[in-house]
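Shown next, in structure tokens, is the structure this report addresses.
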Amino acid sequence: MKRLLRRQDPAEIAAEAAGAMAPAAAPPVEPDLTAAAFFDVDNTMIRGASIYHFARGLASRGLFTTQDLVRFALGQAMFRVRGNENPEHVAKAKEMALAFVAGLKVEEVVRLGEEIYDEVMADRIWSGARALAQAHLDAGQRVWLVTATPVELAQVIARRLGLTGALGTVAETDSGAYTGRLVGDLLHGPAKADAVRALARQEGLDLTRCSAYSDSANDLPMLSIVGHPYAINPDSELRDHAKAQGWAIKDFRTGRKATMIGLPVAAAAGAVAGGVAAGIALRKHYRTH
């Protein structure tokens, strides 16, 4: 008996041919468990101050007025003078933030942060910085954001970028609401270095094999404890220091040397001022619902 041959569909033939020509899948990258990368956020990973973009997103929803936004920005404008914050101003802003955050729901702030990232912040991510972070991920290393921005917003940014996680300023919560107190202090300056050291101990990282990226001389403590520090879009003080130390410098700006783009809201000020902005917005939101 003659064996009947099944007539193969042209689509099947094409699929088989494509499969035969397709390159073999790359083997999975072995995790590099002792090396990691730490990225500052404002002006390093994102153009401008992340908390200001968040505040703009709240304002666009009508949750507070333009006058509130202007007062918020101008009230923080002097936090950064060539990269150096005034400790008295930081303390005053911290007190202001604590007065506003008490009683606010964390889930509402996170939900708004998710929306506003997609609407306002995604297009402001520096593609060059994003590529650097991805290179670490591709090498099997973990990547954390380290920022004075409130940790909830920092975690939103990290999730959207596919990073490992984020270290940020932590506000105390109870039963899902902010208490009006901070856990520790602002994650800024030497506090960033302390947080990175603690994470390294917890995760078994060798800091001499780790990398850190920042735009500001305020982050010299963090940059100085890793084996591979990078100055990204650096302010003048950090640029001079990096040159003197032989650190790599990368500038993704096009003809701009300003340390901030948009209103001059400092990174450290952003953490506490963000509480003020969110507090104004959400209190008005709850009053009308």
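Descriptive notes on the structure:
- Considering only residues in segment 170-216 that are more than 22 Å from A129 (Cα to Cα) and among the polar types (S, T, N, Q), the one that is farthest from the chain's Cα centre (by Cα) turns out to be S175.
- Counting the residues of segment 166-178 that are surrounded by fewer than 16 Cβ atoms within 10 Å (Cβ to Cβ), over 19 Å from R111 (Cβ atoms) and either in contact (Cβ under 8 Å) with a residue 12 or more places away in the chain or basic (K, R) (or both) gives 0.
- Residue in segment 107-126 that is farthest from the chain's Cα centre (by Cα), counting only those that are of a type in the set (V, I, T) and part of a helix (DSSP H, G or I): V109
- Some residue of segment 66-80 being part of a loop (DSSP other than H, G, I, E, B), of a type in the set (V, I, T) and either modelled with pLDDT of 80 or more or surrounded by fewer than 22 Cβ atoms within 10 Å (Cβ to Cβ) (or both): no
- Comparison of A231, A244 shows that the only residue that is hydrophobic (A, V, I, L, M, F, W, C), surrounded by fewer than 16 Cβ atoms within 10 Å (Cβ to Cβ), modelled with pLDDT of 95 or more and not in a loop (DSSP other than H, G, I, E, B) is A244.
- Meets criteria (without any contact (Cβ under 8 Å) to a residue 40 or more places away in the chain, under 25 Å from P31 (Cα atoms) and in a helix (DSSP H, G or I)) for R201: yes
The values are calculated or read from the model by the stated rules, or taken from the named source; none is laboratory data. Everything numeric here is computed off the predicted structure, so don't read it as measured data. When we count neighbours, we look across all protein chains shown, and the Cβ atoms used for this are built from the backbone with ideal geometry, even at glycine.
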